[in-house]
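Reviewing the structure listed below.
The values are calculated or read from the model by the stated rules, or taken from the named source; none is laboratory data. A quick note: this is a predicted structure, and the numbers were derived from the prediction, not measured. Every residue, glycine among them, receives a Cβ derived from its backbone with ideal geometry; neighbour counts consider all protein chains shown.
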C-alpha cells in the first residue's frame, strides 16, 4: 500500500466554481486503516463530492482529508470521544462539517452496535467501517469486491449522517438515504434522496455558506456579550431546533440516577412530619423563589460537574459553539424542569390521596387549620425542590461518557 500523508487536500475546483458559496466537509480518518478501508474511503469521498455537486450545484464542494492515527488505540470506542476530537479538527481548519471515519467498532448505549452517530451540536458525525466490510460477516470476497461494497455502503451512510447534521428527518421509503436503517442490508438499498429532503438541505446549506457572525468585524470586536446576544437573536430557530434534538423531556427516563435519587427523596420527605410542617408553613412567594433558584442551580451544577459546556475554541467564540452551548443550557433547564414537574405532580397526588386532613394537622401544627389547597401546592413545590437537589447530586455520579452521549449524540444509527 502506498504511504499516505497525514493531510490530503482536494485538487482545487475550476475557477468558476470558486465563485459559488463554498461548503467544506472535512474527512478525519481515526486510527489505523486496512488497505481496503483506505481505498473505500478515498473512492467514497470523491463520489460523495460528485453526488453533492450534482444535487446542489449552487454550491462549490470541497472535502479535505486528514489522518489522525493517534485518535484511536482500542478496537471498540465511544462515539462522544471521536465527536469531540472531530469538533477540534473542524474548528482548527474552519470546515463546515466533519465526518470522522474509523475502522473501530462503536459502542452504543441503546443498541448493541452502531454504524454511525451524528452530533448537530458539533456539526460532526462518526462513521464506522467495522460492519460495512463483507469480510466482517464471513462473506468470501476479493479485495476489489470488498472495496466496492464498502464504498457503496460508506456513501449511503455518509449521506444519511449528513442529513442528520442538517435536521433532515427519516424517510419511510427504504431506497431513500434518510431511511431509518437497522441493518447493513438497508445501506445496500439506499440510492436516492427525496425532493423534500433535498429542498430542506439546500435551505440549510444556504445558511451554512453565509458569512459567519465571528467573521463580521463589528461583532468580532464587540465583546462576548454582544456576540452571544446577537447570535441568539439571529439564529433563534437554530437554537430551538438544536434544543429539541436533545429531547430534554426524556432526561428523567434516560438519567436513571437522577430520577432514582429524586423520587427516593420525595418518598422519604412525604413520610416525614417535619417536611409537612415546614413545607405547608411556607408562603407562595418563598416556594416560588426556592423552585426557581433550585432549577437554575441544579442545572448549572450538572453542566459544570459533567463538563457539558463547550470549551473555548482556540479561534475564540464561534457561531456553532455558542449555538451548541445555549442549546445545552436550555436543554438542561427543560430536562430539570420536567423532573421538577414530575416530582411536583407526584407529591400533590400522593399527599392529597393517601394522607388524611387529620393526620396532616397533627404533622403540621403551625398551619393552625385544616390544610387548604394552597398548602398542598406549597408542600409539593417544597418537596419537588428538595427532591431535585438530591437528584442533581445523583446525576453527578452518572458515567461522564453516558451523560455526554445523552446530551450530544442525536441518534444511534
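Overview of values
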| item | result |
| --- | --- |
| Residue match in the range 80-87 (condition: surrounded by 22 or more Cβ atoms within 10 Å (Cβ to Cβ) and more than 20 Å from residue 130 (Cβ to Cβ)) | yes |
| Helices (runs of 4 or more DSSP H) wholly inside the range 293-409 that include at least 1 residues being touching a residue at least 12 places away in the same chain (Cβ under 8 Å), under 23 Å from the mean Cα position of the chain (by Cα) and within 25 Å of residue 278 (Cα to Cα) | 319-354, 373-395 |
| Search result, residues across the range 364-374 that are modelled with pLDDT of 85 or more and over 11 Å from residue 287 (Cβ atoms) | 373 |
| Residue 48 being buried (at least 21 other Cβ atoms within 10 Å of the Cβ), part of a helix (DSSP H, G or I) and at pLDDT below 90 | no |
| Test: residue in the range 159-166 that is in a loop (DSSP other than H, G, I, E, B) and out of contact with any helix residue (DSSP H, G or I) (no Cβ under 9 Å at 6 or more places or on another chain) | no |
| Residue list for the range 60-75, filter: closer than 24 Å to residue 46 by Cα and either part of a strand (DSSP E or B) or over 24 Å from the mean Cα position of the chain (by Cα) (or both) | 60, 61, 62, 64, 65, 66, 67, 68, 69 |
| Qualifying residue in the range 143-157 (condition: modelled with pLDDT under 80 and assigned to a loop (DSSP other than H, G, I, E, B)) | no |
| Test: residue in the range 97-120 that is over 23 Å from residue 184 (Cβ atoms), assigned to a helix (DSSP H, G or I) and touching a residue at least 40 places away in the same chain (Cβ under 8 Å) | no |
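Residues are listed down the side, and each one gets a yes or a no for (1) over 24 Å from residue 308 (Cβ atoms); (2) assigned by TED's automatic domain parsing to the domain that holds residue 161; (3) at pLDDT below 85:
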site: 69; (1), (2), (3): yes, yes, yes
site: 82; (1), (2), (3): no, yes, no
site: 85; (1), (2), (3): no, yes, no
site: 89; (1), (2), (3): no, yes, no
site: 95; (1), (2), (3): no, yes, no
site: 101; (1), (2), (3): yes, yes, no
site: 117; (1), (2), (3): no, yes, no
site: 122; (1), (2), (3): no, yes, yes
